[in-house]
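What follows is one structure encoded as structure tokens, with my remarks underneath.
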Amino acid sequence: MESVELRAANCFLDAIERRDFSMGCAMLAAGCTIWNSVERIDRPARGVFDGTGPMWSALRKLRYTDRRFRDGRGRLVVDYVSLAVTSRGSTVATPVTVFLTFTADGLIERIEEQFEEAGLARLQEALSGALTSGAESSHTSETAAGSTSGRSSETGGRSLSEPGE
């Protein structure tokens, strides 16, 4: 049987894929934060997933494929491949590990993302081209820029370390 957290995580990822940002944001607890291996700072998650940032105008389609779920010391860990199609038609696959923390009532309280370096570099390049060719901003991505640690070819690009380690 699926846990409440597993269902919530799938529902959230599905909503973002469909660009149903209202549903995605409804899955977030008040004050939910997002941290990523790129910027290494906490940001309000609603500001990232409200659909207004430059990344969303540069993306034609976003899919979270090959989802694998596991327990992460009181958090749900989701390994997936972010498959992005930019507004210029470039397709980029980026392995990602996300650590999700939930409230007692099943809302997402914290999101921590770690990106695989090589895939992220390809995504940054594709997004930069899409943003400079028509979007109003040249900023690459709200959550897609920088480097990760703790990944290796032995783990298939998945992180085995905790964020910030």
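The values are calculated or read from the model by the stated rules, or taken from the named source; none is laboratory data. Computed from a predicted model, the values in this text were never measured in an experiment. Positions of Cβ are backbone-derived with ideal geometry, glycine not excepted, and every protein chain shown enters the neighbour counts. We work out accessible area using only protein heavy atoms, side chains counted, and drop any ligands, DNA or RNA first. Shrake-Rupley method; radii C 1.70, N 1.55, O 1.52, S 1.80 Å.
Go over the candidates Glu39, Glu17 one by one and state the one that is in contact (Cβ under 8 Å) with a residue 60 or more places away in the chain and open to solvent by 10 Å² or more (accessible area, probe 1.4 Å).
Being in contact (Cβ under 8 Å) with a residue 60 or more places away in the chain and open to solvent by 10 Å² or more (accessible area, probe 1.4 Å) holds for just one of Glu39, Glu17, which is Glu39.
Just to be sure, is Arg19 at positive phi and in a loop (DSSP other than H, G, I, E, B)?
Taking the combined requirement at face value, the residue satisfies it.
Among all residue pairs at least 6 apart or on different chains, which show Cβ distances below 6 Å where the first residue, located in the stretch 96-109, is touching a residue at least 24 places away in the same chain (Cβ under 8 Å) and among the hydroxyl-bearing types (Ser, Thr, Tyr) and the second is part of a strand (DSSP E or B) and open to solvent by 30 Å² or more (accessible area, probe 1.4 Å)?
Pairs found: Thr101/Glu109; Thr101/Arg110; Thr103/Glu109.
Restricting to the stretch 61-117, name every residue that is touching a Cys at 6+ places or on another chain (Cβ under 7 Å) and not β-branched (Val, Ile, Thr).
Result: Glu109, Arg110.
Please work out if Leu120 is open to solvent by less than 40 Å² (accessible area, probe 1.4 Å) and modelled with pLDDT of 90 or more.
For Leu120, the condition - open to solvent by less than 40 Å² (accessible area, probe 1.4 Å) and modelled with pLDDT of 90 or more - is not met.
Which of the residues that make up the stretch 24-35 are surrounded by 15 or more Cβ atoms within 10 Å (Cβ to Cβ) and assigned to a helix (DSSP H, G or I)?
Passing the criteria: Gly24, Cys25.
Hey, any hits in the stretch 48-62 for a residue that's surrounded by fewer than 18 Cβ atoms within 10 Å (Cβ to Cβ), of a type in the set (D, E, K, R) and on the phi > 0 side of the Ramachandran plot?
no
From the residues in the stretch 63-86 that are open to solvent by 50 Å² or more (accessible area, probe 1.4 Å) and either modelled with pLDDT under 90 or assigned to a helix (DSSP H, G or I) (or both), which one is farthest from Asp20 (Cα to Cα)?
Arg73
If Glu2 satisfies every condition in (1) in contact with a helix residue (DSSP H, G or I) (Cβ under 9 Å, 6 or more places away or on another chain); (2) modelled with pLDDT of 90 or more but one, which is the exception?
Of (1) in contact with a helix residue (DSSP H, G or I) (Cβ under 9 Å, 6 or more places away or on another chain); (2) modelled with pLDDT of 90 or more, only one is false for Glu2: (2).
Mind checking which residues of the stretch 93-117 are among the β-branched types (Val, Ile, Thr), open to solvent by 10 Å² or more (accessible area, probe 1.4 Å) and at pLDDT below 95?
Thr103
Identify, from the list Ala8, Ala58, the residue that is touching a residue at least 60 places away in the same chain (Cβ under 8 Å) and in contact with a Lys or Arg (Cβ under 9 Å, 6 or more places away or on another chain).
So the residue among Ala8, Ala58 that is touching a residue at least 60 places away in the same chain (Cβ under 8 Å) and in contact with a Lys or Arg (Cβ under 9 Å, 6 or more places away or on another chain) is Ala58.
With the requirement that a residue be in a loop (DSSP other than H, G, I, E, B) and either aliphatic (A, V, I, L, M) or closer than 11 Å to Leu76 by Cβ (or both), what does the stretch 87-105 give you?
Across the stretch 87-105, the qualifying residue is only Ala104.
Run Arg60 past the list (1) at pLDDT 95 or above; (2) more than 17 Å from Leu6 (Cβ to Cβ) and report the number of the one that doesn't hold.
Unmet for Arg60, out of (1) at pLDDT 95 or above; (2) more than 17 Å from Leu6 (Cβ to Cβ): (1).
Identify the single condition in (1) touching a helix residue (DSSP H, G or I) at 6+ places or on another chain (Cβ under 6 Å); (2) of a type outside the set (Asp, Glu); (3) not in a strand (DSSP E or B) that Val38 does not satisfy, given that it satisfies every other one.
Condition not satisfied by Val38: (1).
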